[in-house]
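Engineer: Have a look at the structure that comes next, please.
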Amino acid sequence: MEPSISIRNLDLSFGAVSVLKDLNLDIGQGEFLVLLGSSGCGKSTLLNCIAGLLDITDGQIFIGGRNVTWEEPSKRGIGMVFQSYALYPQMTVEGNLTFGLKNAGVPKTEIAQRVARAAKILQIEPLLNRKPAALSGGQRQRVAIGRALVRDVDVFLFDEPLSNLDAKLRADLRVEIKQLHQTLDNTMIYVTHDQIEAMTLADRIAIMRGGLILQLGTPDEIYTRPANKYVAEFIGSPSMNFFDGHLDESGFTAKDINFTVDGYDFANGRKHGPAWFGIRPEHILTGAEAETRPVRLSGTADLVEPLGSDTLVRLRVGDRLIWVRMDGRSKPAIGDQIQIGFNPARASIFDKDSEERL
Amino acid sequence: MADVTTNPAPRIIDGPRGRKPTRALSGRNIMIYGTLIVVALYYLLPLYVMVVTSLKGMPEIRMGNIFAPPVEITFQPWVKAWAEACTGLNCDGLSRGFWNSVQITVPSVFLSIAIASLNGYALANWRFKGANIFFTILIIGAFIPYQVMLYPIVILLREAGLYGSLTGLIIVHTIFGMPILTLLFRNYFSSVPEELFKAARVDGAGFWGIYFRIMLPMSLPIFVVAMILQVTGIWNDFLFGVVYTRPENYPMTVQLNNIVNSVQGVKEYNVNMAATLLTGLVPLIIYFISGKLFVRGIAAGAVKG
Amino acid sequence: MKMMRMMLAASTAIGIAGGAWAEDLEITHWWTSGGEAAAVAEFAKAFDATGNKWVDGAIAGSGNTARPIMISRITGGDPMAATQFNHGRQAEELVEAGLMRPITEVAEAEGWANAIAAPGLLESCTLDDELYCVPVNIHSWQWLWLSNKAYEEAGIPVPKNWAEFVASGPKLQEAGKVPLAMGKQPWQAAGAFKVLVLSLGGPELYTKVYDEKDSEVAAGADMIPIWQAADEMRKLAAGSNVQEWNQATNLVITGQAGGQIMGDWAQGEFQMANQVAGTDYTCLPGLGDQPYLSTAGDAIYFPLLSDDAKSAAQLELASVLFSSEAQLAFNAKKGSLPVRKDLDLAEANDCMRQGLDILAKGNIVADTDQLISPDTNTQIQDLMIQFVSDMNMTPEDAQARFAEIIADAD
Amino acid sequence: MSTRPSRLFHNMNAKIASVPMVLTAMVVFLGGSIWTVVYSFTDSKLLPREKWVGLDQYERLWGTNRWLVSIENLAIYGVLSLIFSLVIGFVLAALMDQKIRFEDVFRTIFLYPFALSFIVTGLVWQWLLNPDFGVQNVIRGIGFESFTFDPLYDADLAIYGILFAGLWQGTGLVMCLMLAGLRGIDEDIWKAARVDGIPAWKTYLFIVIPMMRPVFITTLVIITAGIVKLYDLVVAQTGGGPGIATEVPAKYVYDMMFQAQNLGQGFAASTMMLVSVIIILIPWAYLEFGGKRRG
């Protein structure tokens, strides 16, 4: 099947500063793609290029099989939702929804139908006659989504739509967006710096850094098999624990520790040399369970963060600090000796120099 | 859904690619730059005429075209305007007025900004009962024609024994600069995050401490705007300068008026133009230097209602 | 001469001030045109010769610009030592409010009353038997200045009266000249009008209108020809695109305009341009037919000062201003007539002599400055400038409006 | 801090710092205005005096042609200058906001007249518009013998000649204010409008301009304050002429007070100006400062 959006060899530079470099990306019909990265990685820039809000330097963009590289944003068949909502403050909600349509000369009856549908889907019917200033943040963002919805397009672009909301609203609206995607089944590209949003919403995640896509994959792939150290560190909270050491026949050696890496699925065959060994806090077991794991260590509790569902504990192991996610019921005290263990098969190992996954 | 980032095979096909081609002479550009250039010419025309005329001799001016560049450039009009032009018996041109203007402008600008910034600060951060009433009166005061206030101020200054003194004039400039400046500062200080202000209070800083150690250092843009407005306004003032000072303290604008209107025989347009340019030079230089800061400062202070 | 001035200065100084010496006095005035400035320099020279110093406070523009400044300073408690006003009613209230000082003692000591050319001049400086100002010159408004060059180039003889002047208008226009130069400022329009009233209407009409403020006369048939003349005047002046009076005079001097109705101070400009009366230009006092002149002029007033030394010096200044030498020198440069009748005007030119003859005949009336208040004067100025520049305003409308102003005048 | 400080001393320093403002507001602006209003009911001539004449000064004022012409002129100048400064200022700002080259140069050119005094502005435009050697002369010189452009010498056009100069002097500042306002508009709004396919002019008209309300208000206040005070420009450019074609209220006040030596009349005219200013301003001041407080 032809991809819904195809980005081909896209380059973008402002003068001498190159922002996006020879970027390729295909997004399938009905796919929910999340562009994830820290600020300045080029994710919003890429989205703006797709929307046609930025003139690209080289390359091509196809939407729905059509070469839209030189098309105006409004002619690309997209709808867009912004972080700051970008509602027209002097117009009512209805005005916001209909302004673009009226301008495009859509017949009145059809406008009314589309508005009614969007309002129903988003449950904003009672708000239609209000002005944005009289709405809460969540309501405003619903209206902003509605404005994209009434355009009746195949592709939705979201530019950090939930970043301005508080945690509770963010979680609620996230669910709604997910449901919306399930209902509409159209292509969505969603930019965020929030990994929870990325993990929960995405069919695939593209992790970006410095204008490049570091890894493109399903949330599970990204989580379990991060392609490089940056991705591994970026995803997961608390971050993956790393051991700085050396990989050889005997396994992984880091100063005072040595263990085998049996069961580890090497990406391109086993390689030896300096390496990072990474293991996520939630893959480290404690107490009796730790005994069952191939690698066992012992450390002193240094910091305890009870979250209710889980308890995060920072252990001092030698001169290293290792985060461990424990069951919410366990309540270690600072200074307690804790036994930990993990299975190298669940770990990620990266080349020391290239930081690529081994 | 193959992972395509690892597949650098050429994917570009024929058709639109890269930057949308735009011609340098597109209709849009012609419209934008055309309009800007035409308007710029309209704005520059008077300056051009002033400069050109000030460099011509009188015979050449009489022959006619005010737009023609000078055939023979002479700086005599400038010399005359600066040092020789007469008002009555005094023939020392604008030079005397220049130093008077400096003496009037510097303390007036300083005092008016100091007071207005304190007012704005008190209004924005230390509201007290009735403050807004005073402020509203002050703002309405900005609309009162100066002529209306001329006489009451003569009486006030007389009662204070300040009439005719430089101090009196400085006070007058401070009073009439106050409304707009206070508005600017109040708006600017209102936009300073309240947390900052609260943090300082928790740290034990008082009214003056916060003003000097927190507000002042972070308010450079608005001070620049205030300074530009005041220097221009006070330097260009004619009415107060002529009414509230003695001849030995006359500012440059008053002398400009005297020179331009002291028609001795034929109007010496070249000298008049040179005198006009000389008088406008100080504010013009300030604008040329700090134009960018001005816009930035206005964005910070004036625009937030 | 020098001896005498020294003696005079010394006598006043000793007799009145008891040895005040070397004071700086600031004198404000609006004498800033070429001829005027040269004339003021004569006063300054004479005063400096007494050992004091003349600090010149010229304010350019016209009396209308300068007077507010002077009045503000006097009422604001920062008076200058002496200041120019047109004598008449401009300073009346300042005197009444006790802000001015009398100089009666000097006048009596020096016998000004016997020397004065026209008694009215001192009278208008007098309030409650005290003299408050020194008249320094006699000006009369009723002069038509004509450019011989312009008429030569147009190929017609120089007119001898108003009627001929009006008749010559079209010929001048054909020759590319403006028949009548007139600065487009209110006081000039109102001044020209009052010249028409006196010169064409005669002293009785003038007195009825300006002195007795008889609004029926102002509205009546006697004034109709005056308004018709005013109508002709504005048509002849239509092409004159200048503001200042001396720019208008300059049009006459350079032959670009045929003539100008302006007071005798215009002669100062002719002299500055080295023009010779009779050869280069012609003057028609009283517009030629009924040579009556109104005597107005400038006067110097003396604000009340708290400094005794300066107060004494004020009297010295008054004495210098009225002295024969200063009078001669000043008025020769300014083109006006001296206020003393005991002077030998050997240097007086053709025009000045004509003026003196009329004065000697007693064909004089008081100037409007002494008859109507500045308020009324301003109203008339507003009316006249509107009439002169707005051709849609008919003479009938203007006359009716004029009569209203006269009816309300105080 | 054991005893509660009295109300008076609460915020003491702020009150001390506000003393100059309070004095200015109460003594100069309020006191001066009241003084002016009171004396407008007298027949004060050269000096103020308490000789009451009721409404005589106002009757005369409204019966004076020159005052009526002044009001009319101010109305024409005011309305046109408001409209044109806002429109020209906004259009220039919008053009400047198109990411153009040489923005600094253009901005400096548009803003420099604002650095010049009205006296200078008036003189320059008087020279330029003088038919004998200004624009008219030059255009006639290149062959158009019948070309006529002498607004300052035509009573019907003179006020527009002043408007010409006034706009030249003032639009630069308006442009700056507008530019600052435009730069303050959220980029996303522009993006949203582009995605919606709304043409630029419509975006400006229906979305951006309504969003710039605070800027427009500030600008309006500044322009209006300038209009009411219009005086120097007229004096320098036309002296009120030709005739009384360009008289304005502020000049009437000044001339009455100091030239005609009729303070009472001048005070009556000032009072009328004051009243109209207050009528215009009070509702605005109430909306801006009275109603809701800023956060």
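Engineer: Determine the percent antiparallel among the DSSP beta bridges restricted to chain C, to the nearest 5.
Structural biologist: Bridges in chain C are about 60 percent antiparallel.
Engineer: What is the Cα coordinate range of chain B on the first, second and third principal axes, sorted by size from largest, in whole angstrom?
Structural biologist: Principal axes ranked by extent give 95, 65, 29 Å for the Cα atoms.
Engineer: To continue, here is another question. Order by neighbour count: A:330, A:348, A:74, fewest other Cβ atoms within 10 Å first, most last.
Structural biologist: The order, fewest Cβ neighbours first, is A:330, A:74, A:348.
Engineer: Regarding chain C, what whole-number volume in Å³ per residue does the convex hull of its Cα atoms give?
Structural biologist: Details: hull volume 51.0 nm³, N = 410.
So the per-residue hull volume is 124 Å³.
Engineer: Oh, and also: Give me the percent of DSSP beta bridges within the protein assembly as shown that run antiparallel, rounded to the nearest 5.
Structural biologist: In the protein assembly as shown, approximately 70 percent of DSSP beta bridges are antiparallel ones.
Engineer: Additional query: Per the Debye formula with a single identical scatterer at each Cα and no solvent contribution, what log10 I(q)/I(0) holds for the range D:56-290 at q = 0.09, 0.11, 0.18 Å⁻¹?
Structural biologist: -0.49, -0.70, -1.30
Engineer: Something else about it: Rg over Rh of the range D:195-292, using C-alpha atoms and the Kirkwood radius, what does it come to?
Structural biologist: Taking Rg over the Kirkwood Rh, I get 1.19.
Engineer: Cross-link partners among lysines for residue D:229, C-alpha distance below 23 Å, same-chain residues fewer than 8 apart left out?
Structural biologist: Cross-link targets: D:251.
Engineer: Tell me, C:214, C:369 in order of fewest to most beta-carbon neighbours within 10 Å?
Structural biologist: In increasing order of surrounding Cβ atoms, one gets C:214, C:369.
Engineer: Moving on to the next point. May I ask you to list the chymotrypsin sites (Phe, Trp or Tyr not before Pro) in the range A:127-197 that are in a DSSP loop and have at most 11 other Cβ atoms within 10 Å of their Cβ?
Structural biologist: When the chymotrypsin sites (Phe, Trp or Tyr not before Pro) of the range A:127-197 are filtered for loop state and at most 11 Cβ neighbours within 10 Å, nothing remains.
Engineer: In chain A, how does Rg compare with the Kirkwood Rh, expressed as the Rg/Rh ratio over alpha carbon atoms? It would help to have the intermediate numbers written out before the result.
Structural biologist: On the way: Rg = 24.1 Å, Rh = 22.8 Å.
Rg/Rh for chain A comes to 1.06.
Engineer: With an 8 Å Cα cut-off and a minimum separation of 6 or more residues, compute the relative contact order for chain A in percent. Don't jump to the answer; show the numbers that get you there.
Structural biologist: Working: 723 pairs, mean separation 55.0, N = 358.
So the answer I get is 15 percent.
Engineer: Over all directions, average the projected area of the Cα convex hull of the range A:233-351 and note it in nm².
Structural biologist: Over all viewing directions, the range A:233-351 projects a mean Cα-hull area of 7.3 nm².
Engineer: Which log10 I(q)/I(0) values, to two decimals, does the range B:27-74 give at q = 0.24, 0.28, 0.30, 0.33 Å⁻¹ under the Debye formula with one point per Cα?
Structural biologist: Normalising to I(0) and taking log10 leaves -0.79, -0.94, -1.02, -1.12.
Engineer: Can I ask one more? I'd like the FRET efficiency for residue C:211 and residue C:361, computed as 1/(1 + (r/R0)^6) with the beta carbon distance as r and R0 of 22 Å, rounded to 0.05.
Structural biologist: 0.60
Engineer: Restricting to Cα atoms and excluding each atom paired with itself, what does the Kirkwood estimate give for the protein assembly as shown in Å?
Structural biologist: Evaluated on the protein assembly as shown, it is 37.5 Å.
Engineer: Grab chain B and count how many Lys pairs have their alpha-carbon atoms under 22 Å apart, sequence gap of 8 or more, or different chains.
Structural biologist: Lysine pair count for chain B: 6.
Engineer: What is the calculated FRET efficiency for residue A:316 to residue A:134, with r their C-beta to C-beta distance and R₀ = 51 Å, to the nearest 0.05?
Structural biologist: Given R0 = 51 Å and the Cβ-Cβ separation, E is 0.40.
Engineer: Under the definition of Cα pairs under 8 Å and six or more residues apart, what whole-number percent is the relative contact order of the range A:89-228? Walk me through the numbers before you get to the answer.
Structural biologist: Values: 133 pairs, mean separation 25.4, N = 140.
That works out to 18 percent.
Engineer: Kindly state, to the nearest 0.05, the FRET efficiency for residue C:274 paired with residue C:235, given R0 = 30 Å and r defined as their beta-carbon distance.
Structural biologist: For residue C:274 and residue C:235, the calculated efficiency is 0.40.
Engineer: For all pairs of alpha-carbon atoms in the range B:137-244, what percent lies in each bin of width 10 Å, listed from the first bin to the last filled one?
Structural biologist: Over the range B:137-244, the share of Cα pairs per 10 Å bin runs 12, 35, 27, 19, 7, 0 percent.
Engineer: Straight-line reach from residue C:171: which aspartates and glutamates have a Cα under 16 Å away, not including same-chain ones fewer than 8 places off?
Structural biologist: List returned: C:152, C:153, C:232.
Engineer: Exposure proxy check: C:174, A:197, C:26 ranked by fewest other beta carbons within 10 Å?
Structural biologist: C:174, C:26, A:197
Engineer: If you don't mind, there's one more thing I want to ask. Which value at 222 nm does the protein assembly as shown reach when only helices count, each DSSP H run of 4 or more adding -39,500 (n - 2.57), with the total divided by all residues and rounded to the nearest 500 deg cm²/dmol?
Structural biologist: -15000 deg cm²/dmol
Engineer: May I ask you to derive the relative contact order of chain B, considering only C-alpha pairs under 8 Å and at least 6 residues apart, and to give it as an integer percent? Mind dumping the intermediate values first?
Structural biologist: Working: 288 pairs, mean separation 83.2, N = 305.
RCO, chain B: 27 percent.
Engineer: Counting chymotrypsin sites (Phe, Trp or Tyr not before Pro) as exposed when in a DSSP loop with at most 14 other beta carbons within 10 Å, what is the longest stretch of chain D free of them?
Structural biologist: Free of exposed loop sites, the longest segment is D:145-295.
Coordinate-derived values only; no laboratory data. Please read these numbers as outputs of a predicted model, since none were measured by experiment. A quick note on method: Cβ atoms are made from the backbone with ideal geometry, for glycine too, and the neighbour counts reach across all protein chains shown.
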